[in-house]
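Please read the structure below before turning to the comments.
The values are calculated or read from the model by the stated rules, or taken from the named source; none is laboratory data. This is a predicted model, so every value here is computed, not measured. Cβ: placed from backbone, ideal geometry, glycine included. Neighbour counts: every protein chain shown.
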Amino acid sequence: MKCTYILFLVICLSLHAAAQQPQWCKKLPRPAYAKLERVPVADSWFEVYKIRPGVFAIYEPHQLEEVISYLIIGSNRALLFDTGMGISNIKAVVETLTRLSVSVLNSHTHNDHVGDNWRFDDIYGMDTDFTRANARGSKQDAQAELAPGELCGSLPKGFDAEAYATKPFHITHWLHDGDAIDLGGRTLKVIATPGHTPDAIALLDTQNGLLFTGDSFYLGPIYLYRPETDLDAYVSSMQRLAALVPRVQLLLPSHNLPVADPSYLPKVVTAIQRVRQGEVKAISTDGKHEYVFGDFSFLMQ
Ligand SMILES: [Zn+2]
């Protein structure tokens, strides 16, 4: 009798826990991850995948942004392209993946990409006022990431939710469009892609045909609704990226999935132009309009 009661209680509790899960969380893991090479790491806040030799995706699946940072390794040094949410310690994870010195560069300075910048000494930044303002840190955007429905599973042990903020960080080198970063045996070209933010960039690894697209393109709803977004600039930037397609084998975006086919880029250009010409009907929720094109969409004001 007692046994039956305990069993009933266990079932009830697990059903309750499942009901508490937000909708996006119930769909995880994304099936495409099963085909990627997972690298075990001690910190369960992160999942690490080896995408190519010397290229690791560091994914944070327990928060709605599902942000992805990339560790790109050369023969002399390594570059961490974004530092994630700052909810757990990405530096400790990176140190288990390489012994080389690591510099940081951000795809742009929204809070979900610069969260652990403060832990690093060598940081590249785009020479824009937007970058300078965000390097001062802030609490509001960080706190919004912990709102109901934003988390999937538990926060890391010892994480202080009330104190959670984007800590200020110090930029040691200023970058401009066209600059190159030499890691030894691997050179990354900085491509300014303003639009999503004024300081958005893509990184091109020409030798290996890799294009890190930041938030300019990923599979999922692409955020184009914030006040710092410039749609004219976004269209030009996407045209610029689409022109690189013949030289690119793989896109490595900053959210949801770390691999996408380059053939998406010209589709994004056509799609955003159609939206701006009023040819596409939106799905409207919470004062935002979503224009859906299969695997990607635009979320706009
Ligand atoms: Zn962003």
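Identify the residue in the stretch 125-176 that is touching a helix residue (DSSP H, G or I) at 6+ places or on another chain (Cβ under 6 Å) and hydroxyl-bearing (Ser, Thr, Tyr) and, among all such residues, is surrounded by the fewest Cβ atoms within 10 Å (Cβ to Cβ).
Ranking the candidates gives Tyr164 first.
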Condition (residue is within 16 Å of the ligand (Cβ to nearest atom), outside any loop (DSSP other than H, G, I, E, B) and not hydroxyl-bearing (Ser, Thr, Tyr)) applied to the stretch 287-296: is it met by at least one residue? yes
Condition test on Ser69, is it within 21 Å of Lys189 (Cα to Cα), within 16 Å of the ligand (Cβ to nearest atom) and either in contact (Cβ under 8 Å) with a residue 40 or more places away in the chain or charged (D, E, K, R) (or both)? yes
Being more than 30 Å from Ala32 (Cα to Cα) and either modelled with pLDDT of 95 or more or more than 17 Å from the chain's Cα centre (by Cα) (or both) is true for just one of Asp179, Asp215. Which residue is that? Asp179
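Residues that are of a type in the set (A, V, I, L, M) and under 18 Å from Ala42 (Cβ atoms), at least 2 per element: which helices (runs of 4 or more DSSP H) completely within the stretch 76-172 meet that?
Qualifying helices (runs of 4 or more DSSP H): 90-97.
Every residue, every condition in (1) of a type in the set (S, T, N, Q); (2) outside any loop (DSSP other than H, G, I, E, B); (3) modelled with pLDDT under 95, yes or no:
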| site | (1), (2), (3) |
| --- | --- |
| Ile222 | no, yes, no |
| Ser236 | yes, yes, no |
| Arg240 | no, yes, no |
| Leu251 | no, yes, no |
| Leu257 | no, no, no |
| Pro262 | no, no, no |
| Gln273 | yes, yes, no |
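If you take the residues in the stretch 188-202 that are closer than 17 Å to Tyr225 by Cβ and within 12 Å of the ligand (Cβ to nearest atom), which one is surrounded by the fewest Cβ atoms within 10 Å (Cβ to Cβ)?
Pro198
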